[in-house]
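Taking it in order: structure first as structure tokens, then the write-up.
The values are calculated or read from the model by the stated rules, or taken from the named source; none is laboratory data. The model shown is predicted, which means the values in this text are computed figures rather than measured ones. Note that each Cβ is placed from the backbone with ideal geometry, even for glycine, and that neighbours are counted across all protein chains shown. To get the accessible areas, we keep the full protein, side chains included, count just its heavy atoms, and leave off ligands, DNA and RNA. Shrake-Rupley method; radii C 1.70, N 1.55, O 1.52, S 1.80 Å.
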Amino acid sequence: MAEPETPPKSPPNRLVLIVGGVLAVAAAGLLAVVLGGRGAPPASQALEEGAPGDLTVDVAEAPALEPTRELRCFVNGQFVGMATLVDCARRNGLATDALDVGLDATGALAAAPTATFDPPPAAPTPTVVVAPQPETQPQPEAPAAPPPAAGPACLRFAGSEWRNLGDGLSQSACVRALFAGTCVRPGEALYGRYGDTSLRLVPRRVEQSPDNTRFRTLVEQDRNCQFPDLG
């Protein structure tokens, strides 16, 4: 008599391995999430520590600030409180583009009329040299050739006086000698002269004037206080 055939048993070891593998993957994922959360600082802490997402104020882009943002407003050289750019311009009786906007000495965003703290100084007085007259008139001689023209003088105003930086410079070279590497804050200004032309450094630009009163932009200044557009 033939023995009954025994049905094959399901391998329990395979099922255990599959379940164990799934649990191991899930545990590894959970551990990575926990450790990652511990290593990353909260968003508020990252902003406080100066993360790349911080809000920064670029002086060159300051005129494009939100119209509702308040700045330190100056009128006639005096701080008059916080105001929007439009309101500060109204208090000064000027258009908004007549205000310089940037960081003041306290590091806060401020707006002030151009050169309100430093009005133009008086033009230098030309020095007239009178040659002494000889007692007897010498015999006329052939006129000597005139010396070559030295060119306009480049002057800097500092310490309540004008100082000569050189003669015969080009206007571009004079602007660089006067102002390259120097930036000023809103309302401040530095002055120089090229021949009979007044030069004025104000935030983001150098201006020129033929009469020391009406100034117009000569060249823009970049955020590194240089003049890449000068020839």
key: Qualifying position, being modelled with pLDDT of 65 or more and within 18 Å of ARG216 (Cα to Cα), among THR114, THR106   = THR114
request  = List every residue pair whose Cβ atoms lie under 7 Å apart, where the two residues are 6 or more positions apart in sequence or sit on different chains, the first residue falls within segment 184-208 and is at positive phi, and the second residue, located anywhere, is buried (at least 22 other Cβ atoms within 10 Å of the Cβ) and among the aromatic types (Phe, Trp, Tyr).
outcome  = GLY187/PHE74
key: Matching residues in segment 181-217 - criterion: being among the aliphatic types (A, V, I, L, M) and either more than 17 Å from the chain's Cα centre (by Cα) or outside any strand (DSSP E or B) (or both)   = VAL184, ALA189, LEU199
note = Residue hits (segment 155-172; open to solvent by less than 50 Å² (accessible area, probe 1.4 Å) and out of contact with any strand residue (DSSP E or B) (no Cβ under 7 Å at 6 or more places or on another chain)) are ALA158, GLY168, SER172
ask   = What are the residues in segment 62-111 that are in a helix (DSSP H, G or I) and open to solvent by 30 Å² or more (accessible area, probe 1.4 Å), if any?
value = PRO63, ALA64, LEU85, VAL86, ASP87, ARG90, ARG91, ASN92, THR96, ASP97, ALA98
note = Residue hits (segment 173-183; open to solvent by 30 Å² or more (accessible area, probe 1.4 Å) and touching a residue at least 40 places away in the same chain (Cβ under 8 Å)) are ARG176, ALA180, GLY181, THR182, CYS183
